[in-house]
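Participant: Below you'll find the structure I mean.
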Amino acid sequence: MELAVGLYDVSKHFGPVVAVDHLTLEVRRGEVFGLLGPNGAGKTTTVRMICGLLKPTSGRVVVLGCEMPREALKARRFIGLLPQESDVYESLTGRENLEYFGRLYGLEGEKLARRVEEVLKLVGLEERADDRAGEYSGGMKRRLMVARAIIHDPELVILDEPTMGLDVFAVRRIRRLIRRLAEGGQTVILTTNDLEDAERTCDRIAIIDKGRLLALGTIRELEEKFQEKGLEEVFIRLVEGEQA
Ligand SMILES: Nc1ncnc2c1ncn2[C@@H]1O[C@H](COP(=O)(O)OP(=O)(O)O)[C@@H](O)[C@H]1O
Ligand SMILES: [Mg+2]
């Protein structure tokens, strides 16, 4: 199976609000795929439908061969999500946070301990693992949440605004971490409104606004198609066009 995710003519309405509007796109296995759009574009809603947390109003969502949300339970162990609104357990240590989530996925004993060490190392928190997460900086907390999202070694990692609110150093570490996940063979979907995130981490980018797909491709393909230099120019032209 070459596809990680397929969205086919997917819409989501909240009462009168159309959050996602006939969205069709496919995410390939092993790529870092960016959902790029301004606030309110429908990114989180899309992510929640991919994870089976929200049922589309219409259309079809397929994730690693599972029909969502019907087969969400089956898909759950293949998906790791960093939700946009989420936090660490501040009174637990970093290690305890990960052990807790590992147990939720059925890991225990030696296997759990080994996996916790592995992800601590991957996100660069091994030296602070036994400090309370409440004492971590914003960047460390975010890295702990990424570690939590991948504790069960999911095939598909979904990061909803992973760099939001972090300083430049923390942002760089998260971007490197995203590339590292991809190098390890995982498929990564990330949402962002940060053009540099998209440029530095994504293999392909979908630009969305008002729940609609405006463009999809590599940066080079987008530049070519819209005859602009740089992602920022493409993005501004497309999204401004929507505002008009
Ligand atoms: N649970 C909800 N109830 C009502 N409206 C919602 C809900 N979730 C999202 N929306 C609306 O849907 C639109 C898209 O939101 P969202 O998916 O959060 O965008 P993004 O993540 O791109 O900022 C916004 O207009 C938002 O207000
Ligand atoms: Mg969002």
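Participant: Check Arg143, Arg180, Arg128 and return the single one that is in contact (Cβ under 8 Å) with a residue 12 or more places away in the chain, under 16 Å from the mean Cα position of the chain (by Cα) and open to solvent by 50 Å² or more (accessible area, probe 1.4 Å).
Facilitator: On the way: Arg143 fails: open to solvent by 50 Å² or more (accessible area, probe 1.4 Å); Arg128 fails: under 16 Å from the mean Cα position of the chain (by Cα).
None of the others qualify; the one that does is Arg180.
Participant: Right, here's the next one. Does Leu54 count as touching a Lys or Arg at 6+ places or on another chain (Cβ under 8 Å), over 20 Å from Gly106 (Cβ atoms), open to solvent by 10 Å² or more (accessible area, probe 1.4 Å) and within 16 Å of ligand 2 (Cβ to nearest atom)? Walk me through how you get there before you give the answer.
Facilitator: Details: touching a Lys or Arg at 6+ places or on another chain (Cβ under 8 Å): yes; over 20 Å from Gly106 (Cβ atoms): yes; open to solvent by 10 Å² or more (accessible area, probe 1.4 Å): yes; within 16 Å of ligand 2 (Cβ to nearest atom): yes.
Spelling it out, Leu54 is indeed touching a Lys or Arg at 6+ places or on another chain (Cβ under 8 Å), over 20 Å from Gly106 (Cβ atoms), open to solvent by 10 Å² or more (accessible area, probe 1.4 Å) and within 16 Å of ligand 2 (Cβ to nearest atom).
Participant: Mind checking which residues of the range 60-77 are closer than 25 Å to Arg115 by Cα and open to solvent by 50 Å² or more (accessible area, probe 1.4 Å)?
Facilitator: Quick first cut of the range 60-77, residues closer than 25 Å to Arg115 by Cα only: 63-64, 72-77.
Matches in the range 60-77: Leu73, Lys74, Arg76, Arg77.
Participant: A further question on this structure: Residue check, Val17 against (1) buried (at least 20 other Cβ atoms within 10 Å of the Cβ); (2) closer than 20 Å to Glu85 by Cβ; (3) within 16 Å of ligand 2 (Cβ to nearest atom), all met but one. Which one?
Facilitator: (1)
Participant: Let me ask something else. Give the residues of the range 102-117 that are part of a helix (DSSP H, G or I) and modelled with pLDDT under 95, sorted by residue number.
Facilitator: If we filter the range 102-117 for residues that are part of a helix (DSSP H, G or I), which is where we start, we get 102-104, 109-117.
Of everything in the range 102-117, just one residue is part of a helix (DSSP H, G or I) and modelled with pLDDT under 95, namely Leu104.
Participant: Okay, moving on. Hey, can you tell me all the residues within the range 34-44 that are surrounded by fewer than 24 Cβ atoms within 10 Å (Cβ to Cβ) and in contact with a strand residue (DSSP E or B) (Cβ under 9 Å, 6 or more places away or on another chain)?
Facilitator: Pro38, Gly40, Thr44
Participant: Something else: Under 7 Å between Cβ atoms, which residue pairs at least 6 apart in sequence (or on different chains) link something in the range 151-162 that is on the phi > 0 side of the Ramachandran plot with a partner that is at pLDDT 95 or above and within 12 Å of ligand 2 (Cβ to nearest atom)?
Facilitator: Listed by first residue and then by second, the contacts come to Glu161/Thr191; Glu161/Thr192.
Participant: Which fully enclosed strands (runs of 3 or more DSSP E) of the range 13-77 have 3 or more residues being within 16 Å of ligand 1 (Cβ to nearest atom)? Talk me through it step by step, then tell me what you get.
Facilitator: Working: elements: 17-28, 32-36, 58-63, 66-68.
The qualifying strands (runs of 3 or more DSSP E) are 17-28, 32-36, 58-63.
Participant: Among the numbered conditions (1) buried (at least 22 other Cβ atoms within 10 Å of the Cβ); (2) closer than 24 Å to Leu36 by Cα, tell me where Gly165 comes up short.
Facilitator: With respect to (1) buried (at least 22 other Cβ atoms within 10 Å of the Cβ); (2) closer than 24 Å to Leu36 by Cα, Gly165 is out only on (1).
Participant: Would you pick out the residues in the range 206-240 that are touching a residue at least 24 places away in the same chain (Cβ under 8 Å) and either in a helix (DSSP H, G or I) or touching a Pro at 6+ places or on another chain (Cβ under 7 Å) (or both)? Steps first, answer last, please.
Facilitator: Kept after step one, since they are touching a residue at least 24 places away in the same chain (Cβ under 8 Å), are these residues of the range 206-240: 206-214, 216, 231-232, 234-235, 238-239.
If the condition is that a residue be touching a residue at least 24 places away in the same chain (Cβ under 8 Å) and either in a helix (DSSP H, G or I) or touching a Pro at 6+ places or on another chain (Cβ under 7 Å) (or both), then Asp209, Leu231, Glu232, Val234, Phe235, Leu238, Val239 are the ones that fit.
Participant: Consider Val61 against the criteria (1) more than 22 Å from Gly106 (Cα to Cα); (2) out of contact with any strand residue (DSSP E or B) (no Cβ under 8 Å at 6 or more places or on another chain); (3) modelled with pLDDT of 95 or more: it satisfies all of them except one. Which criterion is unmet?
Facilitator: Result: Val61 passes all but (2).
Participant: Return the residues of the range 208-244 that are on the phi > 0 side of the Ramachandran plot and open to solvent by 30 Å² or more (accessible area, probe 1.4 Å); say none if nothing qualifies.
Facilitator: Result: Lys210, Gln227.
Participant: What are the pairs with Cβ atoms under 7 angstrom where one residue, in the range 81-95, is basic (Lys, Arg) and away from ligand 2 (no atom under 12 Å from the Cβ) and the other, located anywhere, is outside any strand (DSSP E or B) and open to solvent by 60 Å² or more (accessible area, probe 1.4 Å)? Sequence gap at least six, or different chains.
Facilitator: Arg95/Asp130
The values are calculated or read from the model by the stated rules, or taken from the named source; none is laboratory data. All of these numbers come straight from a predicted model, not from anything done at the bench. Don't worry about glycine lacking a Cβ; one is built from the backbone with ideal geometry, like all the others, and counts go over all protein chains shown. With ligands, DNA and RNA removed, areas are computed over all heavy atoms of the protein, side chains included. Shrake-Rupley method; radii C 1.70, N 1.55, O 1.52, S 1.80 Å.
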